[in-house]
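The values are calculated or read from the model by the stated rules, or taken from the named source; none is laboratory data. What you are looking at is a predicted structure, and each value in this text was computed from that prediction instead of being measured. Don't worry about glycine lacking a Cβ; one is built from the backbone with ideal geometry, like all the others, and counts go over all protein chains shown. Note: areas computed on protein heavy atoms with side chains; ligands, DNA, RNA excluded. Shrake-Rupley method; radii C 1.70, N 1.55, O 1.52, S 1.80 Å.
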Amino acid sequence: MMLGISLENLTSNDFRAQLAARYLAFDLLGSGSETRIEGVIGSDPSFRFSLYRPLTRTRLFARPYAATEKNTIPFIQDDVVVAEYTQRRLLAGADLGLNLSRVSELTGGFRI
């Protein structure tokens, strides 16, 4: 379990705060698999789930995912928030990829 806190100043009087958590588990659905669950509460809440799964004994992998998120975009003029735009999204998708090395990968996929 990984935890994080994010504080952001928008103007001299306005700020945002978030608390984030990530759960990472290895080998739940087979050798080399990785399950990741992330949640954020606060100004821009979100929830994400992804599953990394190697394909056979090659460097190829698949990563299906799903997420929901709410983002607030402020419009600031002369150090005052004059308007806010809120965006809510539900996402689902999958990536196929190739592990190029221990720390790099090449991926492509689709998202709905």
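Some observations on this one:
- The condition of being in contact (Cβ under 8 Å) with a residue 12 or more places away in the chain, in contact with a Pro (Cβ under 8 Å, 6 or more places away or on another chain) and over 30 Å from ILE76 (Cβ atoms) holds for only one of LEU24, LEU10, LEU51, that being LEU51.
- Strands (runs of 3 or more DSSP E) within the stretch 51-112 that include 2 or more residues of a type in the set (D, E, K, R) and under 30 Å from ASN13 (Cα atoms): 60-77, 80-99
- Out of ILE112, ILE76, sole residue that is open to solvent by 70 Å² or more (accessible area, probe 1.4 Å), in contact (Cβ under 8 Å) with a residue 40 or more places away in the chain and on the phi < 0 side of the Ramachandran plot: ILE76
- Number of the condition not met by LEU19 [criteria: (1) open to solvent by less than 60 Å² (accessible area, probe 1.4 Å); (2) part of a strand (DSSP E or B); (3) farther than 30 Å from LEU98 by Cβ]: (1)
- Scanning the stretch 1-16 for residues that are touching an Asp or Glu at 6+ places or on another chain (Cβ under 7 Å) and surrounded by 10 or more Cβ atoms within 10 Å (Cβ to Cβ) yields THR11, PHE15, ARG16.
- Residue under evaluation SER12, criteria (1) modelled with pLDDT under 95; (2) part of a strand (DSSP E or B); (3) of a type in the set (Ser, Thr, Tyr), criterion not met: (2)
- Out of ILE76, ILE112, ILE37, ILE41, sole residue that is more than 28 Å from LEU3 (Cα to Cα), out of contact with any Gly (no Cβ under 8 Å at 6 or more places or on another chain) and among the hydrophobic types (A, V, I, L, M, F, W, C): ILE76
- Against the list (1) surrounded by 10 or more Cβ atoms within 10 Å (Cβ to Cβ); (2) touching a Ser or Thr at 6+ places or on another chain (Cβ under 8 Å), the condition THR86 fails is (1).
- Selection from the stretch 36-51 of residues that are over 12 Å from the mean Cα position of the chain (by Cα), surrounded by 16 or more Cβ atoms within 10 Å (Cβ to Cβ) and at pLDDT 95 or above: LEU51
- Positions within the stretch 26-50 being among the small types (Gly, Ala, Ser) and either under 21 Å from LEU98 (Cβ atoms) or assigned to a strand (DSSP E or B) (or both), in sequence order: GLY30, SER31, GLY32, SER33, GLY39, GLY42, SER46, SER50
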